[in-house]
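Enquirer: Structure in structure tokens, see below.
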Amino acid sequence: MNGILHHILTVTVENKPGVLSRVAGLFSRRGFNIVSLAVSPTDDERFSRMTIVVDADSAPLEQVVKQLNKVVPVIKITEVGPNEGVERELMMVTVRATADARSQVTELTAIFEARIVDVGYEAMTVMVAGEPDKLDAFSDLVKQFGIVEIQRTGRIALPKLSRQPTRLRAVKTARG
């Protein structure tokens, strides 16, 4: 995003009240700039996963990890390094779309593999999911029509899966 270096951390925490405010407070007290923060429950209802994107200039990685480990409900911290993870973000944007502009907005929506999720007489709401650069590009292109409202979720990330094939073992048959 714009050449600024970021640390992307996935933090598994206990799913308890106050955990988010404790983690956010930790960053605030230390003067670390949170670029993006997304939180959701995991498949185990006892835990939540936070994806925290931190400005690398404001927060050395070692210091961030050390401070997070001091927060009691933190279970696991993983850094998702550049080219080591799959990142996505969701954006919903309401764009002015008069009758003359509607087909152009619809065409841009198709090009970006986005979806129109609501239509009014003078505007359309579009949902776009993808890498942050894709969302930036879409919003830049629809600015010409007029953005009424825009909301982004912040990044979420998971480590990339292994591309190594598993070795198959020979299985003995009844005959041999």
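The values are calculated or read from the model by the stated rules, or taken from the named source; none is laboratory data. The structure presented is a predicted model; accordingly, all values stated were derived computationally and were not measured. So basically every Cβ, Gly included, is an ideal-geometry build from the backbone, and we count neighbours across all protein chains shown. When the accessible area is computed, the model is the full protein with side chains, heavy atoms only, and any ligands, DNA or RNA have been set aside. Shrake-Rupley method; radii C 1.70, N 1.55, O 1.52, S 1.80 Å.
Enquirer: What's the number of the only condition in (1) touching a strand residue (DSSP E or B) at 6+ places or on another chain (Cβ under 8 Å); (2) more than 25 Å from Gly18 (Cα to Cα); (3) open to solvent by 60 Å² or more (accessible area, probe 1.4 Å) that Ala114 fails to meet?
Expert: Exception for Ala114: condition (3).
Enquirer: Can you pull out every residue in region 91-107 that is surrounded by fewer than 19 Cβ atoms within 10 Å (Cβ to Cβ) and either over 16 Å from Leu135 (Cα atoms) or free of Cβ contacts under 8 Å to residues at least 40 places away in the same chain (or both)?
Expert: Correct list: Arg96, Thr98, Ala99, Asp100, Ala101, Arg102, Ser103, Gln104, Thr106, Glu107.
Enquirer: Taking region 76-88 as the search range and keeping residues that are touching a strand residue (DSSP E or B) at 6+ places or on another chain (Cβ under 6 Å) and open to solvent by less than 90 Å² (accessible area, probe 1.4 Å), which one is nearest to Arg152 (Cα to Cα)?
Expert: Among those that are touching a strand residue (DSSP E or B) at 6+ places or on another chain (Cβ under 6 Å) and open to solvent by less than 90 Å² (accessible area, probe 1.4 Å), it is Glu87.
Enquirer: Can you report the number of residues in region 115-154 which are of a type in the set (A, V, I, L, M) and closer than 28 Å to Ser48 by Cβ?
Expert: Our first condition is that a residue be of a type in the set (A, V, I, L, M); within region 115-154, this holds for 116-117, 119, 123-124, 126-129, 135, 137, 141-142, 147-148, 150.
This time we only want the ones that are closer than 28 Å to Ser48 by Cβ, so: 117, 127-129, 135, 150.
Residues meeting the conditions: 6.
Enquirer: State which residue pairs qualify: first residue within 27 Å of Lys134 (Cα to Cα) and inside region 1-26, second residue at pLDDT 90 or above and in a loop (DSSP other than H, G, I, E, B) in any location, beta carbons under 8 Å apart, and separation of 6 or more residues or different chains.
Expert: Correct list of pairs: Ile8/Arg155.
Enquirer: Would you call Ala157 at pLDDT 95 or above, small (Gly, Ala, Ser), under 28 Å from Val54 (Cα atoms) and open to solvent by less than 70 Å² (accessible area, probe 1.4 Å)?
Expert: The answer is no for Ala157.
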